[in-house]
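All of the numbers you see were taken from the coordinates with simple rules; none came from a lab. Quick caveat, the model's predicted, so the values are computed rather than measured. For neighbour counting, all protein chains shown are included, and Cβ atoms are generated from backbone atoms with ideal geometry for every residue, glycine included.
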Amino acid sequence: MLNLGRIPTRNCQSLSRRALLQAGACSALGLGLPHWLARPASAAALSPRVKSVLLLWQWGGCSHHETWDPKPNAPLKIRGPYRPIATSVPGTQICELLPLSASRAHRMTIIRSMAHDMKDHNQAGTVSLTGSTNGSQASGGIPFPGRVRPSMGSLISYLGRDQRRDWPAFTVIGRRCNVSGADLRGQASGALGSAHDPFYLQGFDFDTGVPIPPSLEPIGEIGGTRLDNRQALLSEFDAWQRRMETAEVVGRYDDLRQKAFGLLTSSGAKRALNLDEESEELRDRYGRTVFGQNCIVGRRLVEAGVPFVQVNWSGNAEDEQQGGDGGWDLHYRLFERMQDRYCPSFDRTFVALLDDLEQRGLLDTTLVLAMGEFGRSPEISEIGGREHWPFGYSIALAGGGTTGGAVIGQSTLDGGYPADRPNHPVDLITTILHLMGLNREELFVKDASVLGALIPELV
């Protein structure tokens, strides 16, 4: 008998397939295998311009009137108390609450014509992260019937699955997004399976720094050397297994096992979380906030080659007290909170991140995206806030070889709807995958109509 960990097996003459799969799956990481058995063949790779995407997820819905699309000529109940200011791009103005971003507008592209039709946080978040209009009710020839479509991070993980790396391709920094006790459905892998779920990092804590996740620590009494030996032994089993199974099935199993061992044995994985290696000056520039320090971790992961990093501004759009962030869901006291906390914090961190990436030579290959699930309503409410508004809103992005200084689309005079060039989240996701050289069509061979259109200014 052999004993891999605590799982007994027979010898190689009659090796238990079930035992081998159990041993290789590294249950401490919570990774599953069944979904790999139906993986389609990869299409020919496209030419990539972007190596990594860094998504600054403004969960809760950031008001575009007080950020990227001010409306100074609208009535007071729409325009609010803040004025627009000039930017480094002649003719382009943004809200005065973002003065640092205004000075870097030549690096950015602002899309002022994003739109969909889901007003609920959960449904809108699912649409924005997956591109699926129907959320969890996908059907009619779509390859994920009855299941939530995969998040864009999971799509990138899946479509780039042939690339070897020690760290998961889709990493989220910060708590899971939820509202009223229900998790946002579109933030995971859906039908693609757990190997393409986000790898969650708790993120920065003022007392403990960035904690090392338990899944990066050795399993019990099994140290790094024993894990290496165990990996070598399993590699010998693979040679036997490939004579018994198809190369496709074994290849998928090997991908999963390598991902698990890579996490457990890579010193680089843990080093990426060590903010003590950064200068105090740099950490000050990002801002001594949860969001600011988490963005440094995000940059370090991009520097280490992680293809998709998502930094969650908030874990709960309704709770202002947890984790230092309450989301952008400002139904009341919107103006004082945007002025005193939200915009200054975001503005400082966003610009520090762009400067840092550029100074390190990473901005051209890293697409930085600042967006939430929707914007806020044109009309100010009686309690001094703005309501959920998906019918027209703005997002900002930079880097990734895109041409800076551009404004894509315009909104109506009240900022409520696209006046031209409407863009749905599925168009944005399709464009991002194109920039990364990934072929999304292999997932939608039965219904090409669910593919979005490329946004020409970005490609």
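The table that follows gives values for the structure above.
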read-out: Ranked by how many other beta carbons lie within 10 Å on average, peptides 198-210, 417-429, 289-301 from highest; value: 289-301, 417-429, 198-210
read-out: Simple spin-label estimate for R83 and D183 in nanometres, 7 Å along Cα-Cβ; value: 4.8
read-out: Cα centroid of segment 72-106 to Cα centroid of segment 167-197, whole Å; value: 34
read-out: Loop-located chymotrypsin sites (Phe, Trp or Tyr not before Pro) in segment 320-428 whose Cβ has at most 15 other Cβ within 10 Å (DSSP); value: Y332
